[in-house]
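Structure first, then comments.
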């Protein structure tokens, strides 16, 4: 189990495990850095609140998904601004059993590269 957690933390993409109500159960450092660059820390416990400004229909799409497992969103581009820079993210949301996982690949920077820790 420890090896799996180390693998999760070394992934070059942001991964968030969250419940259908938006409660974040786990996220790796890349996801944390990306979300903190866009929103204050208090929104990190609610995934829908963290992405409300760039994915306002996310909650509705997750709730309306009827399958026990499968893709809810597949590589939807999200655009936002971080300071003076435009940030483009690709959002993928999958339901795996009763949990919902989100994968957010490293951002594509339009104007200038922003270094993330």
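What follows draws every value from the coordinates through simple rules; no lab data is involved. As the structure is a computational prediction, the values presented were derived from the model and not from experiment. Here Cβ is always computed from backbone atoms with ideal geometry, including for glycine, and neighbour counts include all displayed protein chains.
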### Query
Can you put 7, 47, 18 in order, fewest other beta carbons within 10 Å first?
7, 18, 47
### Task
Give the order of 88, 30 when sorted by the count of other beta carbons within 10 angstrom, beginning with the fewest.
88, 30
### Message
Give me the one-decimal nm value for the distance between modelled label points at residue 86 and residue 19, 7 Å along each residue's Cα-to-Cβ direction.
### Response
3.8
